[in-house]
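A.B. asks: Got a structure here, written out as C-alpha cells. Questions coming.
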Amino acid sequence: MRSVIIEGATEYRRFQREATQQRFSLRFSNTASVDAGATDGSMAGCRDAPSQLQTEVHSLIAFKTSTLAPSGLLRQGMWGEETASQKLEHLGLMFGALCSPPDGDVRGFGVPADRLCLAMLLFPSVWDWYLHWREERRGFYTSWEVNMLDFALSLAREKTGWMRQHPDLADALQPVDELISAGEVDEACRDWDAVCDRFIIYALNRKKDVQRVAKVHRDPFEPILPILEAESPVGEYRKITEEILARMPSARRHPKAAAEAVRAFLMLRFGLHLGLRQKNLRQLRFCVRGGRHSSEKQLENLRCGELRWNDLSGGWEVFIPAVAFKNASSSFFGRKPYRLLLPDLGRLYEFIDLYLRRDRQILLGGAEDPKTFFVKSAKLTTKDAAYSQVGFYDAWRLAIQRYGIFNPYTGQGVIKGLLPHGPHNVRDVLATHVLKKTGSYEQAGYAIQDSPEIVAKHYGRFFPHDKSALAAVVLNEAWES
C-alpha cells in the first residue's frame, strides 16, 4: 500500500523525495509578470533572493515576457508564463546552491548572498563548479544541464542576448575567492563583449561534453507501462473512468464525495478525448447551454480555452485559440484555433450537464468562482477555488490512486502494476494508442496537438513488436487472398 499506491516509489521518485527535503533555492518575489502560484507552492520554505539579484532577474523577465521588445533592445522570441516560471525556478536553484554553506547538507559554494548577480553566469569557473555539483548530487549528467547551458548561451548571444545588451551588469560584479578573481571583474567592466564571446566558446564546448555523457534520469513511461503495453492503451485507461462510475457515492447521502467523483471522471475523460497539456485543461473555461460564449479575441487575451454548446453540431465543443498553447508556433496550428466536438459516448454529456447544474456549485461552497470548468473542493480556508499546477496534478494523482491502481487487499482499482501519475501521462497514452493502430507519428501528433518529431522524441512508446505486428497485417493479406 505504502510503496505502490501512496508513494509510487520508483528509484527516481525516491531520489526526488529525498532531494526536496533540502530547501536551498532562492525565491524571486518581485516578478509580477509571472503567476505567483506557479512558484510559491514549489518553493515554500526557500529564501528570498538579495535585492540586487531580484532587480536584475525582474528586468530579464520583463524583457522576455513583454509583448514587444523594449525600445532600443533586440530580442529573439518571447516567453510565456510557464517558461518564465521555469527559468525563475532554475535560476533560484543555481544561485541557491552557490550561496549555500559548503559544510551543510547542500554542500554549496558559500558565496555571500550580497555578491550574487547575473553577470556571474558569464564565467566558466562558475559553471564548472555548478555542473560538477549537480553531477555529484545526482550521480550523472542529464539534459537539464544541457538546457541550462543553452539558456545562458541565449543570454550572451550577439545582438539579441539580454546580457550582451546590458554591459552595466558588470557593475554588480565582485571578486569571489576561488571562483571569480579581481582581474576578471576588471576585464568585464572594461570589455564586456570579450567576456561574452569567451563564454560562448566555453559553453558550446561544455555543452557537447555534457551531451556526450548525459543519461536519462527517469523513464517517464514507467508509471503507466501496463497501459502502454496493452493492445488498446486508451481502452485500458478508460477502465479507470468506468471504475469511478461503478463506485460513485450516493449524491443524496454524500453530495460532496459524489461531486468529487464526477469531477475526477470528467478530468480523466476530458484528458482522454482532448490530449491537452495540464495548463490548457485546468484553465479551461465554460459556457452553459444557451449562454453567450466568449469570442476568440477574449479567449486570446485570457490565453485559455472554453467548453461551449454548439447548436449546429448539437454537442459540447472545446474551443482554444492557438496562442493559449505552449507550442503555439507549431505547424500543427498554423495560427488557427483548436476546435474539437466531444463525443456523446460513455455518459459523458450526462455528467457534464450534471456537473454544471449541481456538482460544481457543491465543490465551490462559498469560495469565489474562478470561472474555470474544474474547481477545487471548498474548505474553511479556501478563498481561491482555481487549481494551481500542483493542485491539479494532485487531484489527478488522487483519482489514479483511488480508482486506477489495483489493490489486492480490497479488490478495488482496475490496473495491476499501475503507479500514481499526473495528467501529462495521458498524452503518452493517446500518442502510443494511435501509433499502435496506425504506425503514423503524424496522426499521433494530431491526437496531442504536436509535431511528428516531438511525438517520436518524447511521447510515443512504439515497441519493435508493435511495428512488426502492423507490417504483418499488410503482409498476411497476401496469404488470405
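The values are calculated or read from the model by the stated rules, or taken from the named source; none is laboratory data. Everything numeric here is computed off the predicted structure, so don't read it as measured data. A quick note on method: Cβ atoms are made from the backbone with ideal geometry, for glycine too, and the neighbour counts reach across all protein chains shown. Note: accessible area is taken over every heavy atom of the protein model, side chains too, but ligands, DNA and RNA are not part of it. Shrake-Rupley method; radii C 1.70, N 1.55, O 1.52, S 1.80 Å.
A.B. asks: Distance in nm between label sites at Gln361 and His132, each 7 Å beyond Cα in the beta-carbon direction?
C.D. replies: 6.5 nm
A.B. asks: Would you work out which of Thr438, Leu354, Leu88 lies farthest towards the positive end of the dipole of the chain, given +1 charges on the beta-carbon of Lys and Arg and -1 on that of Asp and Glu, about the Cα centre?
C.D. replies: Result: Leu354, furthest along the dipole toward the positive end.
A.B. asks: In units of 2.2 N^0.38 Å, what is the alpha-carbon radius of gyration of the chain?
C.D. replies: Its radius of gyration relative to the 2.2 N^0.38 Å reference: 1.09.
A.B. asks: Further question on the same structure: For region 197-355, with only Lys/Arg (+1) and Asp/Glu (-1) charged at the beta-carbon, what is the dipole magnitude about the Cα centre, in debye rounded to 20?
C.D. replies: 740 debye
A.B. asks: I want to check the label-to-label distance for Gln443 and Ala69. Put each point 7 Å from Cα in the C-beta direction and report it in nm to one decimal.
C.D. replies: Here the modelled spin labels are 4.3 nm apart.
A.B. asks: Antiparallel as a % of all DSSP beta bridges within the chain, to the nearest 5?
C.D. replies: Restricted to the chain, the bridges split so that about 65 percent are antiparallel.
A.B. asks: Could you give the dipole magnitude of region 376-424 about its Cα centre, charging the beta-carbon of Lys and Arg +1 and that of Asp and Glu -1, in debye to the nearest 20?
C.D. replies: 80 debye
A.B. asks: At a 1.4 Å probe radius, which order do Tyr349, Tyr409, Tyr141 fall into by accessible area, largest first?
C.D. replies: In descending accessible area the options line up as Tyr409, Tyr141, Tyr349.
A.B. asks: Which residues does the label zone of His424 cover in region 436-459, counting backbone N under 15 Å from a point 7 Å along Cα→Cβ?
C.D. replies: Counting only backbone N, you get 455, 457-459.
A.B. asks: Got a number for the accessible area of Asp209? Probe 1.4 Å, square angstrom, nearest 10.
C.D. replies: Solvent-accessible area, nearest 10 Å²: 60 Å².
A.B. asks: So, in nm, how far is label Glu480 from label His254 when the simple model puts each one 7 Å beyond its Cα toward the Cβ?
C.D. replies: 4.7 nm
A.B. asks: At a Cα cut-off below 17 Å, give the aspartates and glutamates reachable from Lys379, other chains included and same-chain residues fewer than 8 away excluded.
C.D. replies: List returned: Glu260, Asp359, Glu368, Asp369, Asp394.
A.B. asks: Would you mind working out the magnitude of the charge dipole of region 133-281 relative to its Cα centre, with +1 at each Lys and Arg C-beta and -1 at each Asp and Glu C-beta, to the nearest 20 Debye?
C.D. replies: 1300 debye
A.B. asks: Which entries in Lys64/Lys376; Lys87/Lys279; Lys256/Lys371; Lys208/Lys279; Lys416/Lys436; Lys279/Lys383 show an alpha-carbon gap greater than 29 Å?
C.D. replies: Lys64/Lys376; Lys208/Lys279
A.B. asks: If you don't mind, another one. With a 10 Å radius around each residue's Cβ, average the other Cβ atoms per peptide and rank 438-451, 271-284, 421-434, 102-115, highest first.
C.D. replies: 421-434, 271-284, 438-451, 102-115
A.B. asks: What aspartates and glutamates could a cross-link reach from Lys159, if we take a straight Cα to Cα line under 20 Å and drop same-chain neighbours fewer than 8 places away?
C.D. replies: Here the aspartates and glutamates satisfying the reach criterion relative to Lys159 are Glu56, Asp150, Asp168, Asp191, Asp193, Asp197.
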